[in-house]
Amino acid sequence: MMTKVELETFVEGTTHYFETAANQPASVGSPYLVNEGKPTVQEFTGLISIAGKRRGIVYFTASRPMLTVMLMRMGETELTQENMCDLVGEVANTISGNARRDFGKDFMISVPQVVAGDPEKVQTPDNTRSFVIPINWRSHSAQLVVCLE
Amino acid sequence: MAAAAQAEPLATRKLKLMICDDSNIIRRKIERELKIDRLQVISTASNGRLAVEAFRKEPADVVTMDITMPEMDGIECVEKLVGIKPDVLILIISALSDKATAIEALKRGANGFLCKPFTDKQLTDALEELLRGAQT
């Protein structure tokens, strides 16, 4: 189970990402534990597998309208499906990579895997409960899901 | 002519830049936000293996290099690029923000480290610092 301090690492990473890369701060809510069923999955999801000192997954999931605005805020003019896939992967990768500042180099992260339009493909480990970090940005909502042993 | 270009000091001559990152939007962002006139993008690559191939065909003077990439990661790629051209200047641009990773990259031959996410100004400052460091 993750500690409050460990979760705070991901909250700070998410806050920092939106301030810096998306040029506009997000309102990042308190993490909550998923009690029943699977955590939320939106249209685009970027997943990072974690190995080494900790095991599990971290994923960022968001809607097409939110990703469109994020790309525009980043100065990107090609608002394509490929770039939306790229963006969710990059957000998940950046927040997970930044977590190594606190978790150390043995918190090993994979290259991003992206799921578009097929929520069933987003699988969390059966034996580990997930925390959801809610993200509200402009009029959109997204989630960072952290599921670590 | 080529010899004359080689003799020109680093501080004034045009420099060839290669961008290596598995994210298309990051490659495009670096290219778009590049504010240093004398850096000219000559190639981009989406993983370390492709970067080595491109570098063998046309060696760059300056490289921006991600670490977490498929096929060949940035740390291994840095070592290979330095093996081909020892005086290449390499700026690591990565989300991996632990000290051990930065130290490892520098040991293998990188010259600077910029942590993702980054602002346009941070990118320009990091590249300018890299170039200044090479002149001293």
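The values are calculated or read from the model by the stated rules, or taken from the named source; none is laboratory data. Fair warning: this is a prediction, and the values are worked out from it, not measured in the lab. FYI the Cβ positions are ideal-geometry reconstructions off the backbone, even for glycines, and counts take in every protein chain you see. Just the protein is used for accessible areas: all its heavy atoms, side chains included, with ligands, DNA and RNA removed. Shrake-Rupley method; radii C 1.70, N 1.55, O 1.52, S 1.80 Å.
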Partner aspartates and glutamates whose C-alpha sits under 17 Å from that of B:Lys107, ignoring same-chain residues fewer than 8 away, are B:Asp66, B:Asp73, B:Glu76, B:Glu79, B:Asp87, B:Asp98
When ligands, DNA and RNA are left out and all protein chains stay put, how many square angstrom of accessible area per residue does chain A have with a 1.4 Å probe? 45
Between A:Glu82 and A:Gln123, what is the label-point separation in nm under the 7 Å Cα-to-beta-carbon projection? 2.9
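Over region A:1-132, with every protein chain in place, what whole percent of the accessible area is carbon and sulfur at 1.4 Å, could you tell me?
On the way: 3030 of 6100 Å².
The C+S portion of the solvent-accessible surface of region A:1-132 is 50 percent.
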Relative contact order for region A:77-141: what is it in percent, counting Cα pairs under 8 Å that are at least 6 residues apart? 27
D (Stokes-Einstein, µm²/s), Kirkwood Cα radius, chain B, 1.306 mPa s at 10 °C: 107
Name the residues of region B:96-120 whose accessible area falls by at least 30 Å² when all protein chains are present instead of the chain alone, probe 1.4 Å? B:Leu96, B:Ser97, B:Asp98, B:Lys116, B:Pro117
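Expressed in nm to one decimal, what extension gain is obtained for the pair A:Ser27 and A:Asp102 from 0.36 nm per residue of sequence separation less their Cα-Cα distance?
Length difference between fully extended and current span is 24.8 nm.
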Calculate I(q)/I(0) for region A:64-104 by the Debye formula, one identical point scatterer on each C-alpha and no solvent, and give its log10 at q = 0.14, 0.17, 0.24, 0.33 Å⁻¹ to two decimals. -0.37, -0.49, -0.74, -1.09
For chain A, what is the relative contact order in percent, using Cα pairs closer than 8 Å and at least 6 residues apart in sequence? 36
Percentage of interatomic Cα-Cα distances in the protein assembly as shown larger than 30 Å: 31
State the volume of the convex hull built on the alpha-carbon positions of region B:27-70, expressed per residue in Å³ and rounded to an integer. 73
On the principal axes of its Cα set, how long, how wide and how thick is chain A? Give whole Å, largest value first. 40, 31, 26
On the accessible surface of chain B, probed at 1.4 Å, how many percent belong to carbon and sulfur atoms? 51
Residues of region B:10-40 losing 50 Å² or more of accessible surface, assembly versus chain alone, probe 1.4 Å, please list them. B:Ile25, B:Arg28, B:Arg32
Result for region B:21-71: accessible area per residue, probe 1.4 angstrom, in square angstrom, of 42
Grab the DSSP H runs of the protein assembly as shown that are 4 residues or longer, score each as -39,500 (n - 2.57), total them, divide by all residues and round the 222 nm result to the nearest 500 deg cm²/dmol. -12000 deg cm²/dmol
Just in region A:40-122: which GluC sites (Glu not before Pro) are loop by DSSP and have at most 15 other Cβ atoms within 10 Å? A:Glu78
Residue by residue through A:90-97, how many Cβ atoms from other chains fall within 10 Å of the Cβ on average? 6
Give me D for region A:68-149 in µm² s⁻¹, whole number, from Stokes-Einstein with Rh from the Kirkwood sum over alpha-carbon pairs, 4 °C and 1.567 mPa s. 89
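Quick one: length gained pulling A:Arg55 to A:Arg138 fully straight, 0.36 nm per residue minus the C-alpha distance?
26.6 nm
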Strictly over 19 Å apart at the Cα level, which of B:Lys29/B:Lys116; A:Lys121/B:Lys116; A:Lys121/B:Lys29; B:Lys16/B:Lys57; A:Lys38/A:Lys121 would you flag in this model? A:Lys121/B:Lys116; A:Lys121/B:Lys29
